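The values are calculated or read from the model by the stated rules, or taken from the named source; none is laboratory data. Predicted, not measured: the structure shown is a model, and the values here were computed from it. FYI the Cβ positions are ideal-geometry reconstructions off the backbone, even for glycines, and counts take in every protein chain you see. Keep in mind that these areas ignore ligands, DNA and RNA; they rest on the heavy atoms of the full protein, side chains included. Shrake-Rupley method; radii C 1.70, N 1.55, O 1.52, S 1.80 Å.
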Amino acid sequence: MGDLLGAVDLVERAGRLFQENGTPDTAALSLEKGAKMVETKYPDQAARFYEKAADILMLEDRPRQSAEYLGKAARLMLKMKQYDQAADLVKREIELQEEGENRVVVGRLIICLILIHLTRGDLVAAQKAFDAYRSFIEQEEVSTIEILLEAFDQEDEELAARALNSPFLKHMDVEYAKLARSLGVPNSVSGLESTKRSDTIFSVRSDMQPSSLVASKTPLSGIIDDSTTCQFVGMSVEGTRPKDENEVTLDCDAGNIGAAAAAAKIDSEADDEYSEGLC
């Protein structure tokens, strides 16, 4: 009983032999029993058993039963926080349930997939899944998901919290209800950081070519000459890892840099933080 790894090998062998001898139902059942036996200690192995059972029944043209096994594997992946794998399994589950014409289950699985994508931080994939299958989702649930996606798009914490507080999300399958509860509510921190970065003063060294500049966090009070500093507005730049904490090399379009360097200006409305010599 204690040698679970040894049991894993035996379960795999049993499933293979049953399948080779023309008893796919028994093969799938043995894999399911093996998965239940090891899932507490070896959830990854258990998920693999469920996937194999699903593959066996797919060959027998039994999409609904196959989908059920994939669903069990997906929930184990969620427990292990393997969200990419969970998303792939749910996609396969959706296809099989759609093939079996089980629209209600498909609608609920689409919501599960959207929650996984949002947990992964992939709003685009969540929106695509919703757009492709929204007709399978109950109307009141459609409204909730629309609000949720809008909240993440607008980084609206209050709106997201209101959507995630929806009763139907709270009463989903246990793993997905947990996912909804733990889903990180978006905030505008990244936007604030972006705003701060846009205030960075770019200084041009006289010995540099137009295609390469140095972006320096030098405070305004430390600037020696007006001609050594300019602010580039509306330009696309690509940064490399800083050589030190105060300097980062940027590669820009040579024509734009040349024009900007020639029209170098000091930002007269620099933030008080810079004027006090803080970075």
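Look at the stretch 113-134: where a residue is over 16 Å from K178 (Cβ atoms) and open to solvent by less than 10 Å² (accessible area, probe 1.4 Å), no partner that is polar (S, T, N, Q) and not in a helix (DSSP H, G or I) sits 6+ places away or on another chain with Cβ atoms under 6 Å.
Here L57 clears all of (1) under 28 Å from E101 (Cα atoms); (2) surrounded by fewer than 16 Cβ atoms within 10 Å (Cβ to Cβ) except the condition numbered (2). Quick check on M77: is it at pLDDT 90 or above, open to solvent by 30 Å² or more (accessible area, probe 1.4 Å) and of a type in the set (A, V, I, L, M)? No, not satisfied. Among residues of the stretch 94-107 that are surrounded by 17 or more Cβ atoms within 10 Å (Cβ to Cβ), those with a Cβ under 8 angstrom from a residue that is charged (D, E, K, R) and outside any helix (DSSP H, G or I), sequence gap 6+ or separate chain, pair up as G107/E138. The set of residues in the stretch 82-102 being at pLDDT 95 or above and not in a helix (DSSP H, G or I) consists of Q82 alone. So which residues in the stretch 135-157 are open to solvent by less than 10 Å² (accessible area, probe 1.4 Å) and in contact (Cβ under 8 Å) with a residue 24 or more places away in the chain, if there are any at all? Once the filter is applied, which keeps residues that are open to solvent by less than 10 Å² (accessible area, probe 1.4 Å) and in contact (Cβ under 8 Å) with a residue 24 or more places away in the chain, the stretch 135-157 yields I145, L148, L149, A151.
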